[in-house]
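Here's the structure, in structure tokens; my notes come after.
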Amino acid sequence: MHYKISATHLSKNDNVFFKSMLQLIQIQLNDTWSYEETADIVLADIETPLGVAFWEESTQQQDKLVIAYARQNTCNAEWFLPKPIRVQALIKQLNAIATFKSTVQGAVQTSQTSENSPSSISTTKANLLGNIPNNTAQQVKPSDIPTNKPVSIEYFEPEHSLLGLIQSTIKKCETKCFTCEQGETIYISPQQKRCFTSKINFNHLTQKQRRLYASVAAQVTMTNLSEDALHQMAKAQGLENYAVETLLWLVTLCASQGRLMAGVAENSYVRLKQWPNFAVLPCQPVHLRIAAFMLKNATTLTTVSEKTRVDFSTLVDFFNACKVADLIVETTDQNVSTEAKPKSSAEQYLFKNILKRLSSHE
Amino acid sequence: MSEIKLVFTGSVGAGKTTAIEIISEIPVIRTDVRATDSETAKRKEKTTVAMDYGELTLEDGQKLRLYGTPGQQRFDYMWRILVKGALGLIILVDNAGSDPIGDLARYVDNFRDFVSNNQMVVGVTRMDIASEPDMDFYHQYFAERGIALPIFPVDARSKTSVVMLIQSLIAMLEFS
């Protein structure tokens, strides 16, 4: 998808900075974003009187999606970008907005499809898979795609995302191909417990990969195929193969977008059952920190976020991925053993120094 | 802190020397000799008898010293000497060995005192050679004993794998 964004009432410096930042982070965004003079998505500096007025007017009319830009979210804005603009915060905010937009769009599509012609769902992009031999490729029946529930933008519901489709495919032990418009293509072989796709650089997913992984179910085209066809395809296209667990993990990290998995209470006490197998589950240093804390402590996600100083949405993405990998234990008692032992600044400095040295090794 | 050191320990042939070699910025100082006892000789031609030593220089000029212990039990006096004052411990278990779970138990037991005040992580090597016992078995072993430690498969020949071991150890230290 291509999204347009404009900015209003920003200082000259912030405006220039925002525009250049937007260009710089393109590769890390799930969708294409461009700056326009006028757009339906607007970044407004609410520390200026005119910016506040603009924000208030837009929230009443609801014709634009306005991102409030300030040091503090004093307006309790739903979409908020803290000052000064930081790379990760901007990426997260724009990806979250894209997910919101596509989820709403997906819900509309789903409801229209359900009312009108369900069979139109996965047929529109069949030509993307034109090179699959006709006798082995078979478009998936629309009954496989959940259509009767509205898509939640508050909670992450696997059944309404690519994740749910893959889980269902694995459960039914069906070999399938998944793709979406302008997105990556992946082939799943539950029999081999492997997936086949173009090379994944775990530290830098491509836009096509992120687009597919974050797709809502209605945007995904699924095609049945035989194991033989899969092997021919993988060989012909020089595809890499990965453990299915790796894909489920990545898809969850990409798709949950800071939304807690549906059915999980935010205030329940949780801990890790065991250390995640990071040999096959791609991780960032921040995930190791969360895992280290959650392996020893059973507490709420809010407390985990406070103690590890990891932002809540990153924590939630990791938690969801662990939940999908069956690594989470819910307990009735809170057990936080490390809170009274803050590390000395010398130790913190040393750990940071060692990690920095190690990162130059990777 | 006078000396910052990490200690690699574990069974014979688990990859301790290899792991240190792959990340050390200096040629590793080795004390290996021809293996004489039949069990060790079956696994490898040479074996460490005192220690391996490698190092990494941190940004501020401090050295992170990397020590590897001998794998054979008869040199266990060296284990205690080397681990004294260490920041943390990395145990490598050879999954293709004759009794990997027994090896793990022995090392966890030997370093029980150290671990009560420090942190350790466990890397299971050579899972490509022997897939049994699988990771579930190791996790179950820890769960039954109430041990909450990072344990995961590693390839001692892979820099990424060894770096992941140390990163996990540092993460555990941060919240210990």
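With only alpha-carbon pairs counted, each pair once and no self-pairs, how large is the Kirkwood hydrodynamic radius of the range A:158-255 in angstroms?
13.1 Å
What shape does the range A:269-360 have by the C-alpha gyration tensor, where a ≥ b ≥ c are the square roots of the eigenvalues, rounded means a/c under 1.5, and otherwise prolate means a/b greater than b/c and oblate the rest?
oblate
Under 8 Å for C-alpha pairs, at least 6 residues apart: give me the relative contact order for chain B, rounded to a whole percent.
25 percent
Which residues belonging to the range A:252-295 lose at least 10 Å² of 1.4 Å-probe accessible area when the assembly is complete, relative to their chain isolated?
Residues meeting the cut-off: A:274, A:275, A:277, A:278, A:279, A:283, A:285, A:288, A:289, A:292, A:293, A:295.
Taking the full set of protein chains and a 1.4 angstrom probe, give the accessible area of residue A:2 in square angstrom, rounded to the nearest 10.
About 100 Å², rounded to the nearest 10.
Pull up the cross-link candidates among the aspartates and glutamates for residue A:83, meaning alpha carbon to alpha carbon under 15 Å and not fewer than 8 places away within one chain.
Counting by Cα, and skipping residues close in sequence, residue A:83 has these aspartates and glutamates nearby: A:14, A:45, A:47.
Listed highest first by mean packing, meaning other Cβ atoms within 10 Å per residue, what order do B:110-118, A:222-230 come in?
Per-residue mean Cβ counts within 10 Å order the peptides as A:222-230, B:110-118.
Taking all protein chains as present, what is the carbon and sulfur share of the accessible area of the range B:3-174, in % to the nearest whole number, probe 1.4 Å?
After summing per-atom areas, the C and S share lands at 50 percent.
On the accessible surface of the range A:158-255, probed at 1.4 Å, how many percent belong to carbon and sulfur atoms?
48 percent
Hey, what's the range B:3-174 come to in accessible area per residue, 1.4 Å probe, Å²?
Result: 42 Å² of accessible area for each residue.
What's the buried accessible area, both sides, between A and B using a 1.4 Å probe, rounded to 100 Å²?
3100 Å²
Mean residue ellipticity at 222 nm from the helices of chain B, using -39,500 (n - 2.57) per DSSP H segment of n ≥ 4 over the full residue count, to the nearest 500 deg cm²/dmol?
It lands at -10500 deg cm²/dmol.
Ranked from highest to lowest mean number of other Cβ atoms within 10 Å per residue, what is the order of the peptides B:22-29, B:130-137?
Put in order of decreasing packing, that is B:22-29, B:130-137.
Residues of B:133-145, mean number of Cβ from any other protein chain within 10 Å of their own Cβ, rounded to a whole number?
Average per residue, whole number: 1.
For peptide A:348-360, how many partner chain Cβ atoms fall within 10 Å of a residue's Cβ, on average?
6
How many Å² of accessible area per residue for the range A:269-360, probe 1.4 Å?
Solvent-accessible surface per residue comes out at 44 Å².
When only DSSP loop residues count, what trypsin sites (Lys or Arg not before Pro) in the range A:172-216 have their Cβ near at most 11 other Cβ atoms within 10 Å?
Answer in residue order: A:193, A:199.
Find the all-direction average of the projected area of the Cα convex hull for the range B:3-174, expressing the result in square nanometres with one decimal place.
9.5 nm²
Could I have the simple spin-label model distance between residue A:37 and residue B:105, label points 7 Å from Cα toward Cβ, reported in nm to one decimal?
Once both label points are built, they end up 7.8 nm from each other.
Considering amide H positions built from the backbone, and no H for Pro or chain starts, which residues 5 or more places from residue A:33, or on another chain, come under 5 Å of its amide H?
A:3
Please work out whether the range B:99-157 counts as rounded, prolate or oblate from its C-alpha gyration tensor, where a ≥ b ≥ c are the square roots of the eigenvalues and a/c under 1.5 means rounded, while otherwise a/b larger than b/c means prolate and anything else oblate?
In terms of gyration-tensor shape, prolate.
The values are calculated or read from the model by the stated rules, or taken from the named source; none is laboratory data. What you see is a predicted model; the values in this text were computed from it and never measured. Using ideal geometry, Cβ is built from the backbone for each residue, glycine included, and neighbour counts are taken over all protein chains shown. These accessible areas exclude ligands, DNA and RNA; they are computed on the full protein's heavy atoms, side chains included. Shrake-Rupley method; radii C 1.70, N 1.55, O 1.52, S 1.80 Å.
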